[in-house]
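Report on the following structure.
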Amino acid sequence: MLSLSLVTAQAQAPAAAPPPIEDFFKNPAISGPQLSPNGKYLAVLTPVGERMNLAVVDLETRKGTAITNVSGFDVLEPRWIGNDRLIFSVGQQNSPTGAGQFAGGGLFVVSRDGKESRQLAKTVRETRSSGQFVYRRMEFLRRIPGTDEEILVAANLRSADSEDVYRLNLRTGRTALVTSSRPERTVEWVLDDKGVPRVARSWIKDTSQYIWHYRKDADSPFTEIARTDSAKGPSFAVLGFLSDGKTLMVAGNPGGRDTMAVYRFDPEAKQFGELLAQHPRYDMGADAQGEGVPGVILEPDTDRVKGYAVQADKPQVVWLDEKEAKTQAAIDGALPDTFNTFRRFPNSSRILVTSRSDVQPERWYLLDEEKRTLEELFSSRPWVTKAHRVQQRSFVYKTRDGLEIPGYYFLPAGYKPGDKLPTIVHIHGGPSARADTWGRGFGVLEGQLFASRGYAVVVPNFRVTPGLGTKLYYAGIGTFGRQMSEDHEDAAAWAVKEGFADPKRMCISGASYGGYATLWALAKTPDLFKCGIAGLVVSDVERILSSQAGDIATSESAIQFWHELVGLKQNPNALRDYSPVRAAAKIKAPLFMYAGADDIRTPLEQTTAMISALESAGNPPKDVVIKKEEGHGFGKVENNVDLYTRILKFLDEQIGSKSR
């Protein structure tokens, strides 16, 4: 086995006192390195002002240069186009469901030295500021072989409700239509290895159904190969073409299987072929919504399976390829107790290694297999030590109707079995999002912060969380405010039964859907939780689907999904019946609320309406934080420090030391 010598600084001594709140919310020093095609440069995200911006590091000199200065948004999804240009969009890095575009979006190009730049598409904010509500999206699809001047993008320029494929000139911003014919209401494209759009997914208006279409070549007509219903399944997603240009690699759950698995698929015969990868609890390839998740690692030219990856309670990679397995073993030996991934430099013995764990933020290393050295390049949060973090523990709880659902929990350092702790149940946003994974997520951040102050924190998934099998996902459709909320109650009951949670000192917390869940829990089960922390709330479900103050009302398919989620067919009054704003009189527990004034996902009117309803009911929130120039999640460090200083004060008064 290859033995490596590690060249890095010694770890800092652990701090005796809890880390300051600022340490949890400071932007990472470095994030998301992207290797240039020639292996000479790394594009990284780094703080410039209050936002994450784009910089380029010369690996020969190790010098970095910031090449953007975006304010009001974070740079998202940078990609190299050749060795001299990068494209990117903008948005919010730290929302309750992870990085997202929200009021951002757009498309931008910048030269490697930062001297040339161009905006190629407007942001959502710019569109709305001009009085328009039809956002013209433009999203990167593929580089075009042989040129760094043009790329292929998907955009709804020709029709507001359908995406086409265009060639986009990065110098001039001009577009040329590629898909002169396409299915109506196309929402997704899959290209073959030559860049030809040959698979399209379209939405059937006023339904929850989607159709996958396929064509043999650019001149052939599209034919239907699969139809899915987002409200009941079965699920199906095209991941891409295999090397023969004919066979598809897909994710699906044929035959009634639970988890999504990866298969070969013959589009001409419309038949599943060889099963390539599966997992008994976690989806592979795509989740039930069709969103991509780790799955099969293929050798591009031969389709040989090199390995498997799965987003389990802890991420896992298994290599079948002997060379890659040997490299992985050497890296894991040098960097124990971490999850390590790697990417090889082109035509070189050098490898870029990414290393992280639940108690160690990401670090990046340069491995030279010939020299057998492993050199640390960057640390995302060098101010964080393992002494400042606690173990992220996995658990599975059983709901009252028999579902088994995984989640995480955090216990403060020094916890002893038998201790009864003040406990916070954190409900993730979405709700149809897997917002928390090992070492990542808004619930993980709150878990570590609150644990550092002596609280136990439970971060459960629940029905409709994707990635955990189709049975669990579809069990959530039509149960909003009912069984979905009962899952939150059952997770709290699990914590009490385990013995660490004090049932008389439990608080519920969350943002976005988690904010809704907090409000609804305090109304639905007023004796279960001593207090609630509700951020970026949905308080009036009917209003959020109709108000032009938010972005959900501008999407017909999003509205249709919410109708299915709430169960409107079964109960025509469901939007009103399960809105906390109409149940304010039932809320007796102390409540803390917060919102961003510029939020377009859960607009400020949702928060102010709830405050008014609570005031009318005689139980106004104990504290409210509303920050200007903030959206779906706070981006400014000082705003987060102020918010969580006040949240910790609230918790201390309600279930902490001052509550006794």
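Considering V44, V57, the condition of being among the hydrophobic types (A, V, I, L, M, F, W, C), in a strand (DSSP E or B), more than 26 Å from the chain's Cα centre (by Cα) and within 23 Å of L367 (Cβ to Cβ) is satisfied by V57 alone. Per the listing I477, I508, the residue uniquely crowded, with 24+ Cβ neighbours inside 10 Å, in contact with a helix residue (DSSP H, G or I) (Cβ under 8 Å, 6 or more places away or on another chain) and of a type in the set (A, V, I, L, M) is I508. On the stretch given as the range 355-391, residues that are within 13 Å of F339 (Cβ to Cβ) and buried (at least 19 other Cβ atoms within 10 Å of the Cβ) total 8. Taking the condition acidic (D, E), farther than 29 Å from Y513 by Cα and free of Cβ contacts under 8 Å to residues at least 24 places away in the same chain, does D332 pass? Considered against the rule, which asks whether it is acidic (D, E), farther than 29 Å from Y513 by Cα and free of Cβ contacts under 8 Å to residues at least 24 places away in the same chain, D332 comes out as yes.
When you check Y397 against the structure, is it in contact with a Pro (Cβ under 7 Å, 6 or more places away or on another chain), assigned to a strand (DSSP E or B) and touching a residue at least 12 places away in the same chain (Cβ under 8 Å), yes or no? When the stated conditions are applied, Y397 passes them. For the residues P28, P14, P18, the requirement of being within 16 Å of V384 (Cα to Cα) and at pLDDT 95 or above singles out P28.
Residue-level analysis places T607 among those that are assigned by TED's automatic domain parsing to the domain that holds Y516, touching a residue at least 60 places away in the same chain (Cβ under 8 Å), part of a helix (DSSP H, G or I) and of a type in the set (S, T, N, Q). Count of the range 26-40 residues, restricted to those that are over 30 Å from E126 (Cβ atoms) and part of a strand (DSSP E or B), is 1. Scan the range 335-347 for residues that are within 25 Å of T437 (Cα to Cα), in contact (Cβ under 8 Å) with a residue 12 or more places away in the chain and more than 26 Å from the chain's Cα centre (by Cα) and the total you get is 1. Among the numbered conditions (1) in contact with a strand residue (DSSP E or B) (Cβ under 7 Å, 6 or more places away or on another chain); (2) among the basic types (K, R); (3) farther than 23 Å from W319 by Cα, the only one that R264 does not meet is (3). Specify which of the listed residues (S579, S547, S539) is in contact with a Pro (Cβ under 7 Å, 6 or more places away or on another chain), buried (at least 20 other Cβ atoms within 10 Å of the Cβ) and modelled with pLDDT of 95 or more. Answer to the check: S539. Applying the condition of being touching a Ser or Thr at 6+ places or on another chain (Cβ under 6 Å) and polar (S, T, N, Q) to the range 229-247 and asking which residue is modelled with the highest pLDDT yields S235.
The single condition among (1) more than 30 Å from G476 (Cβ to Cβ); (2) touching a helix residue (DSSP H, G or I) at 6+ places or on another chain (Cβ under 6 Å) that T399 does not satisfy is (1).
Within the range 49-71, can you find the residues that are among the aliphatic types (A, V, I, L, M) and over 16 Å from K115 (Cβ atoms)? Passing the criteria: M52, V57, L59, V70. For first residues located in the range 62-86 and in contact (Cβ under 8 Å) with a residue 40 or more places away in the chain, partners that are of a type in the set (V, I, T) and exposed (fewer than 14 other Cβ atoms within 10 Å of the Cβ) and lie 6+ apart or on another chain with Cβ distances below 9 Å form the pairs G82/T147. Here A589 meets each of (1) of a type outside the set (F, W, Y); (2) in contact with a Lys or Arg (Cβ under 9 Å, 6 or more places away or on another chain); (3) part of a loop (DSSP other than H, G, I, E, B); (4) without any contact (Cβ under 8 Å) to a residue 24 or more places away in the chain with one exception, condition (4). Only strands (runs of 3 or more DSSP E) whose full extent lies in the range 451-550 are considered here, and the ones with at least 2 residues that are of a type in the set (D, E, K, R) and touching a Ser or Thr at 6+ places or on another chain (Cβ under 9 Å) are 501-511.
Residues in the range 405-439 that are surrounded by fewer than 20 Cβ atoms within 10 Å (Cβ to Cβ) and of a type in the set (D, E): D419 only. G105 fulfils the conditions (1) within 30 Å of V459 (Cβ to Cβ); (2) modelled with pLDDT of 90 or more; (3) surrounded by fewer than 21 Cβ atoms within 10 Å (Cβ to Cβ) except for a single criterion, (3). Note on the range 262-314: residues that are closer than 28 Å to G430 by Cα, in a strand (DSSP E or B) and out of contact with any Leu (no Cβ under 9 Å at 6 or more places or on another chain) total 4. Restricted to the range 90-102, and to residues there that are in contact (Cβ under 8 Å) with a residue 24 or more places away in the chain and small (G, A, S), the residue that is surrounded by the most Cβ atoms within 10 Å (Cβ to Cβ) is S95.
When the range 69-81 is filtered for residues that are within 20 Å of D58 (Cβ to Cβ) and crowded, with 16+ Cβ neighbours inside 10 Å, the ones remaining, listed by number, are V75, P78, W80, I81.
For the subset of the range 551-566 comprising residues that are part of a helix (DSSP H, G or I) and among the polar types (S, T, N, Q), which member is nearest to Y516 (Cα to Cα)? Only one residue tops the list, namely Q560.
The values are calculated or read from the model by the stated rules, or taken from the named source; none is laboratory data. Bear in mind the structure is a predicted one, so any value in this text is a computation, not a measurement. As a convention, Cβ positions derive from the backbone with ideal geometry for all residues, glycine included, and neighbour counts pool all protein chains shown.
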